[in-house]
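So the structure is just underneath, and the comments pick up after that.
The values are calculated or read from the model by the stated rules, or taken from the named source; none is laboratory data. Worth saying up front: this structure is predicted, and the values here are computed from it rather than measured. Cβ placement follows ideal geometry from the backbone for every residue including glycine, while neighbour counts extend to all protein chains displayed.
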Amino acid sequence: MVVAGDDLLTIESLGYRYGERVAVRAASLTCRRGEILGLLGPNGAGKTTLLSCVSGLLAGHDGVMTFAGTPFRPATDAAARARLGLVPQDLALYDDLTARENLVFFARLQGVPSGKVSGAVDRALALAGLADRADDRVRAYSGGMKRRLNLVVGDLHEPELLLLDEPTVGVDPQSRNHLFESLQALRQGGRTLIYTSHYMEEVQRLCDRVAVMNDGAVVAIGTAAQLAERAGTPGADLERVFLTLTGRSLRDDP
């Protein structure tokens, strides 16, 4: 029987290149069932590319992935993709539709059975704290409201693994706190999450373990305390550990 703590997703020696540019090189990590795994790295470290390979948005990568112990090829296997949810960094919403209309559309797109769409939409609206604004057009929403809606769109079909790429960019403190509470509620409900962010305090607060990427590779993985020990900075906060592991030079996206 699979229980919390078992390996859910395993990535071994994953590599991906855009033409001559290597974006991910021999990256390996394991995400355990029932955990929130943080994914940190400087700009251009390969975080989004790695998530895109896991989600099936990119095909043709090197290496092997397994999901719950079986080969995992989401780029070519729709059933594999259905086990995942994706919350992209760029908002994936239709401004001219209401929140409810967006959710109904995406629920059907994600294969939620017709008899369960209404319940899935109501659950999502409650989780996002938007039940009282469900019939307003998204164009009238604040940035924080859009971020909260963007989050629950990715979870409508109750995926086993939810991938989140910078989900709190540009939100106010209240919406950020609501997003944290939503993610913790999802984890308590049995969801597993991989969470990327540039905000160290978010990762330190939310994540059970953290994988650090640098120059396309996973250079360390463990709890914040384990990473501090590995970096030779026991007891240090995550920001200091991160700078020790990845260096202090400026990184600009290509």
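Yes/no per residue for (1) over 23 Å from His198 (Cα atoms); (2) aromatic (Phe, Trp, Tyr); (3) in a loop (DSSP other than H, G, I, E, B); (4) not assigned by TED's automatic domain parsing to the domain that holds Val169:
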site	(1), (2), (3), (4)
Leu14	no, no, no, no
Asn43	no, no, yes, no
Pro74	yes, no, yes, no
Ala79	yes, no, no, no
Leu103	yes, no, no, yes
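Restricted to the range 132-158, and to residues that are aliphatic (A, V, I, L, M) and in a helix (DSSP H, G or I), which residue is nearest to Tyr94 (Cα to Cα)? By that ranking, first place goes to Val138. In the range 1-12, of all residues being in a strand (DSSP E or B) and among the charged types (D, E, K, R), the one that is farthest from Phe67 (Cα to Cα) corresponds to Glu12. Selection over the range 9-67 of residues that are polar (S, T, N, Q) and more than 15 Å from the chain's Cα centre (by Cα) gives a count of 5.
Would you confirm whether or not the range 119-136 contains a residue that is in contact with a strand residue (DSSP E or B) (Cβ under 8 Å, 6 or more places away or on another chain), among the small types (Gly, Ala, Ser) and modelled with pLDDT of 95 or more? The answer is yes, given that some residue of the range 119-136 is in contact with a strand residue (DSSP E or B) (Cβ under 8 Å, 6 or more places away or on another chain), among the small types (Gly, Ala, Ser) and modelled with pLDDT of 95 or more. Might you check whether a residue that is more than 17 Å from Leu164 (Cβ to Cβ), without any contact (Cβ under 8 Å) to a residue 12 or more places away in the chain, touching a helix residue (DSSP H, G or I) at 6+ places or on another chain (Cβ under 6 Å) and in the same structural domain as Ser52 (by TED's automatic domain parsing) occurs anywhere in the range 210-226? No, every residue in the range 210-226 fails to be more than 17 Å from Leu164 (Cβ to Cβ), without any contact (Cβ under 8 Å) to a residue 12 or more places away in the chain, touching a helix residue (DSSP H, G or I) at 6+ places or on another chain (Cβ under 6 Å) and in the same structural domain as Ser52 (by TED's automatic domain parsing). Only residues that are assigned to a strand (DSSP E or B) and either basic (Lys, Arg) or exposed (fewer than 15 other Cβ atoms within 10 Å of the Cβ) (or both) were counted across the range 25-41, and they come to 3. Taking (1) part of a helix (DSSP H, G or I); (2) farther than 23 Å from Gly190 by Cα; (3) outside the structural domain of Met213 (by TED's automatic domain parsing); (4) in contact (Cβ under 8 Å) with a residue 12 or more places away in the chain in turn, Leu127 satisfies each apart from (2).
Scanning the range 190-201 for residues that are farther than 16 Å from Leu161 by Cα and surrounded by 20 or more Cβ atoms within 10 Å (Cβ to Cβ) yields one hit, Ser197. Any idea how many residues of the range 45-59 are surrounded by 18 or more Cβ atoms within 10 Å (Cβ to Cβ) and part of a loop (DSSP other than H, G, I, E, B)? Looking only at that region, the number is 4. Give the residues of the range 137-154 that are modelled with pLDDT of 95 or more and either surrounded by fewer than 16 Cβ atoms within 10 Å (Cβ to Cβ) or not assigned by TED's automatic domain parsing to the domain that holds Val117 (or both), sorted by residue number. Arg137, Arg139, Ala140, listed by residue number. Restricting Val104, Val117, Val87, Val22 to residues that are under 30 Å from Glu239 (Cα atoms), surrounded by fewer than 20 Cβ atoms within 10 Å (Cβ to Cβ) and among the β-branched types (Val, Ile, Thr) narrows the list to Val22. Among the residues making up the range 182-202, a single one is farther than 13 Å from Ile36 by Cβ, in a helix (DSSP H, G or I) and without any contact (Cβ under 8 Å) to a residue 60 or more places away in the chain: Glu201. Residues in the range 60-84 that are among the polar types (S, T, N, Q) and touching a residue at least 12 places away in the same chain (Cβ under 8 Å) were compared, and the one that is surrounded by the fewest Cβ atoms within 10 Å (Cβ to Cβ) is Thr76.
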